[in-house]
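What follows is a set of notes on a single structure, which appears directly below.
The values are calculated or read from the model by the stated rules, or taken from the named source; none is laboratory data. Note that this is a predicted model, so its numbers are computed, not measured. Every residue, glycine among them, receives a Cβ derived from its backbone with ideal geometry; neighbour counts consider all protein chains shown. Side chains are part of the model used for accessible areas, which takes the heavy atoms of the whole protein and leaves out ligands, DNA and RNA. Shrake-Rupley method; radii C 1.70, N 1.55, O 1.52, S 1.80 Å.
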Amino acid sequence: MATTLRTGAEEGAGLQSTSRQRPGLASPGGVPRQLAPLVQRPRVGGKFIFAGDEKLYVRGVTYGAFRPDHQGNEYHDLPQIERDFAQMEANGINTVRIPHTMPPRSLLDAAQRHGLRVMVGLSAEQYVGYLIDRKGAPDIEALIRGKVRSCAGHPALLCYALGNEIPAPLVRWVGPERIIRYLRRLYQVVKVEDPKGLVTYVNYPTTEYLELPFLDLVCFNVYLESPDRLEAYLARLQNIAGDRPLILSEVGLDGLRHGYEEQARSLAWQIRTAFGAGCAGVFVFGWTDEWHRAGAEVDDWAFGLTDRDRREKPAMQAVRRVFAEVPFRPRHWPRVSVVVCTYNGRRTIRDCLEGLGRLDYPDFEVIVIDDGSTDGTSAVARQYPVRLIRTENRGLSQARNAGLAAATGEIVAYLDDDAYPDPHWLQYLAANFKRTAHAGVGGPNVPPPGDGRIADCVANAPGGPVHVLLSDRRAEHIPGCNMAFRKAALEEIGGFDPQFRVAGDDVDVCWRLQERGWTLGFHPAAMVWHHRRNSLRTYWKQQRGYGRAEALLKKKWPEKYNGTGQLTWAGRIYSRGLTRSITVGRGRIYHGIWGVAPFQRLYHPQPSTLYSLTLIPEWYLSIPVLAALSVLGLLWRPLLLVAPLLAVAILVTLVQAWVSTAHASFTSLPPHARARRLTQRSLTALLHVVHPIARLLGRLESGSRPEVWRAHRSWPRPRAFARWTERGERRQQLLPRIEQMLRARGAPVRRGGDWDRWDLEVAGGRLGAVRLIVAVEDHGAGARLQRWRWWPSVSPPWRFLILLLAGLAVAAAVDAAVVVAGILGGASVGLALCAAGQCGAATAIVERAVRGVS
């Protein structure tokens, strides 16, 4: 029986949000005007940028290039700079981008006086040609180092941009790998001179394929004149950015060709679309129509918010209005019930509830379900204005169902007790629900900084909660620590399945919703901070629990698993902790004819089945088998030849784990702590080995067959059956019905694929199964002859092992190695009997189902 405790000022009110002052003209960048002298250096926090504890949405404008003076100084007119910056401040702009020239420190001082931050360009694109022609090349690193030193640590500095749009033909000539190494080297130069400075590179769609995981934030110049196309492309860029902030470093429209009113309208929807898509900022191109390039004034376009005399255009009013709305314009928001399920979560739930108290959302409640905690979790929850419901310990799914029953909102959002949300979490989720028909929406979960060295490694290891996307905006799976659903949709499918007590319930509910025809969405900015395990013991325990959940999922959803028993997602898994095949190539870049495609992308081929063997947990069973055979080599010398195979298997496993950590990002390490990074990477590689072993053990622990199978046995041999009927069903009707009957008997049923010569497969266990094929002869007037045939099937890896052991046993017997022959023969016979028993159980239940079809 559940006990409900109500706390707070009003019964049932939940943790209600209070009205908050939106950052607008009075507080550029979220910093009050009286604090205009900027004292907090920007830092990256997941998908956003922060100054101290305040989120900093970049509301920026590009500034320059201008005609230089006789000494080559571009930003020499300080009085004009002061006037421009004052005008920017008055219009809600909080950031200035200097795209091509390193500005003088006096410009940064002026920006600081007006509460503006500056993105400075280091112009690395100007030196790329020296990668081809080295003769007379300057010391590029020294040049970059000098530029950084001139402004390192300045309070007005937002970030350094290594370069701006290295031309695609030049990248194609030099090769993307050399360009990536070049930019990484310059990144390290910047970090040496200014360790706390943020570093980016301003890319554009034509070189989208450049993989730059070392950057602190991702910037793209994007000019698309359709809201739908821009929104779709931003979703793609967000997936490229991963857990890092995405900033549109240039958007705009030429007022000369399109008209000033159309420029204003276009800029308004571009900015709204960018922030609605979760961007951390936008730079409008540009501030003024005064623009200089290659020794001449550019006068054949007018992208500026002001003309050459700094008179404001209609675009300025539109930009000022939209910037004041960031991240969303005021609207009617649906009521949301946030459900936090906890079991002995005293250590982390305080952070969770504190984070919920900082949510910027007008209408929500918080419901805490204490699932029988014994560590005083409820005492902590009572200190916050939440609805607390205490139950006996019944498992995670039951707790989530209790939250669903108590929810008063039309949207139910689930948050783990070891996670806390970004202040705009609910806004991004609700906005996605309002503009789509999705039944559920999820977002990323990002490890918070400061959790410790092991937690940092776990964040880069496999097995964490991840999202699986069918497209850039549609999801196949959203993780349980950050998922929200329409309450009506959850109630329609009966809530969460109670058999999933610890994990797997989120996967199951996603599949059930999609089975009913619903869709799931994903919003990259609906972010929560999620603590990772901070010890090897807890990581091992977590992964074993996930393995047990996988076994339950396989029993319920056998069609989601392939012939080797591995889960086959239809979508793509997004995680920085994925274990990668050592045989995956560098991918292929789509350049277009003559390299002129405006969107040039990188495509990674899928590894073949043979090369994917090392990615499945069962691969780790081969190592003890080879080790056992090597030990038997002490009794029968020919088996010593297995020892090199054992060494290769171990080496491949270790190399694969090491390769998988190549792009690991450790937030707890400074950029140049190479020795510590080596230690961290080694520990992360170890976790890549531990993960599949723990998962495999968990799956084996839950691998027992249903009770109904133990009462039925049959000889596992091929059989055929035919039935004449005057009113028989067509094959397309008959197969779904027999599948339903098999499932009703608790049988794990898998449908044949496009290339299979069988219709249904019923697994009797890990070793054996039965395959069924159906044919129907139509004799007219409803008369049909139904033909059924089924036969046993042993899993190919186990069949190979049985035959291998049998062959070795015979060879040992011929060589008079009686003990070895007995051991190997006994193992072969034991596995064969086990496979036969599983095939027999499956045969019995198939035969009963077929004969039971009326």
- Identify, among Ser226, Leu198, His292, the residue whose Cα sits farthest towards the positive end of the charge dipole of the range 188-308, taking +1 on the Cβ of Lys and Arg and -1 on the Cβ of Asp and Glu, with the dipole about the Cα centre. Leu198
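Can you tell me how the range 104-235 classifies by the Cα gyration tensor, rounded, prolate or oblate, using a/c under 1.5 as the rounded cut?
Details: a/c = 2.03, a/b = 1.09, b/c = 1.87.
Oblate, because a/c is 1.5 or more while a/b does not exceed b/c.
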- Could you give the dipole magnitude of the chain about its Cα centre, charging the beta-carbon of Lys and Arg +1 and that of Asp and Glu -1, in debye to the nearest 20? 2660 debye
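Mind putting a number on the dipole of the range 106-216 about its Cα centre? Charges go on the C-beta only, +1 for Lys and Arg and -1 for Asp and Glu, and I need it in Debye to the nearest 20. Each step should come with its number before you reach the end.
On the way: 14 positive and 12 negative charges, 48 e Å.
The calculation lands at about 220 debye.
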- Task: As a check on your grasp of the helix formula, calculate [θ] at 222 nm for the chain: sum -39500 (n - 2.57) over DSSP H runs of n ≥ 4, divide by the residue count, round to the nearest 500.
- Result: -12000 deg cm²/dmol
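If you roll a 1.4 Å probe over the range 320-457 with all protein chains in place, what percent of the accessible area is carbon or sulfur? Numbers along the way, then the final one.
Working: 2120 of 4580 Å².
Answer for the range 320-457 is 46 percent, counting heavy atoms of protein chains only.
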- Item | Two-decimal log10 I(q)/I(0) for the range 753-854, as the Debye equation yields it once each C-alpha is a single scatterer, q = 0.10, 0.12, 0.13, 0.21 Å⁻¹ | -0.43, -0.55, -0.61, -1.01
- Message: If every alpha-carbon in the range 329-487 counts as one equal scatterer, what log10 I(q)/I(0) does Debye give at q = 0.09, 0.20 1/Å?
- Response: -0.29, -1.39
- Go through the range 313-412 and name the GluC sites (Glu not before Pro) that are in a DSSP coil and have 11 or fewer other Cβ atoms within 10 Å of their Cβ. Glu392
- Message: If I take R0 = 56 Å and measure r between the Cβ atoms of Leu635 and Leu536 in this structure, what FRET efficiency does the formula 1/(1 + (r/R0)^6) give, to the nearest 0.05?
- Response: 0.95
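If you roll a 1.4 Å probe over the range 111-220 with all protein chains in place, what percent of the accessible area is carbon or sulfur? Each step should come with its number before you reach the end.
On the way: 2060 of 4020 Å².
That share works out to 51 percent.
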- Note on the structure: Plugging the Cβ-Cβ distance of Arg347 and Thr667 into 1/(1 + (r/R0)^6) at R0 = 22 Å yields, to the nearest 0.05, a FRET efficiency of 0.60
- So how far, in whole Å, is the C-alpha centre of the range 49-65 from the one of the range 243-320? 16 Å
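Over the range 287-340, with the other protein chains present, what is the accessible area per residue in square angstrom, probe 1.4 angstrom? Don't skip to the answer; put the middle values down first.
Details: 2360 Å² over 54 residues.
So the range 287-340 comes to 44 Å² accessible per residue, rounded to a whole number.
Please report, as a whole percent, how much of the solvent-accessible surface of the range 499-567 comes from carbon and sulfur atoms (probe radius 1.4 Å). Mind dumping the intermediate values first?
Values: 1460 of 2760 Å².
Carbon plus sulfur share of accessible area: 53 percent.
Per residue Cα convex hull volume for the range 610-657, in cubic angstrom? If you can, show how the numbers build up before the last one.
On the way: hull volume 3.2 nm³, N = 48.
About 67 Å³ per residue, rounded to a whole number.
Would you mind working out the accessible area per residue for the range 79-200, using a 1.4 Å probe, and quoting it in Å²? Spell out each step's value before the answer.
Details: 4550 Å² over 122 residues.
Here the residues of the range 79-200 average 37 Å² of exposed surface.
How big is the equivalent ellipsoid of the range 285-365 along its three axes, where each semi-axis is √(5λ) from the Cα gyration tensor, reported in whole Å from largest to smallest? Write down the numbers at each step before the final one.
Details: eigenvalues 488, 57, 15 Å².
Computed over the range 285-365, the values are 49, 17, 9 Å.
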- Please give the net charge around His292, taking every other residue with its beta carbon less than 12 angstrom from that of His292, where Lys and Arg add +1 and Asp and Glu add -1. -3
- Task: Looking at the chain, send over the antiparallel percent of its DSSP beta bridges, to the nearest 5.
- Result: 55 percent
- How large is the charge dipole for the range 223-302, taken about the Cα centre, if only the Cβ atoms of Lys, Arg (+1) and Asp, Glu (-1) carry charge, to the nearest 20 debye? 440 debye
- Message: Using only the Cα atoms of the chain, what semi-axes does the equivalent ellipsoid have when each is the square root of 5 times a gyration tensor eigenvalue? Give whole Å, largest first.
- Response: 55, 33, 27
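Over the range 489-542, with the other protein chains present, what is the accessible area per residue in square angstrom, probe 1.4 angstrom? Please list the in-between numbers first.
Numbers: 2160 Å² over 54 residues.
On a per-residue basis, the range 489-542 sits at 40 Å².
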- Task: Enter the angle in degrees (range 0 to 90, nearest 10) between the Cα long axis of helix 140-149 and the first principal axis of the Cα atoms of the chain, meaning the one along which they spread out most.
- Result: 70 degrees
- Query: Per residue and in cubic angstrom, what volume does the convex hull of the Cα atoms of the range 242-317 have?
  - Reply: 100 Å³
- Which of Leu429, Ile144, Tyr546 sits closest to the plus end of the dipole of the chain, meaning its Cα is farthest towards the positive end, when Lys and Arg get +1 and Asp and Glu get -1 on the C-beta? Tyr546
- Have a look at Leu654, Val380, Thr667 and report the one farthest towards the positive end of the charge dipole of the chain, computed about the Cα centre with Cβ charges (Lys/Arg +1, Asp/Glu -1). Leu654
- Task: Leaving ligands, DNA and RNA out of it, work out the accessible area of Val652 with a 1.4 Å probe and give it in Å² to the nearest 10.
- Result: 40 Å²
- Message: For a test of the definition: using alpha carbon positions, the gyration tensor, and the 1.5 limit on a/c, classify the range 47-142 as rounded, prolate or oblate.
- Response: oblate
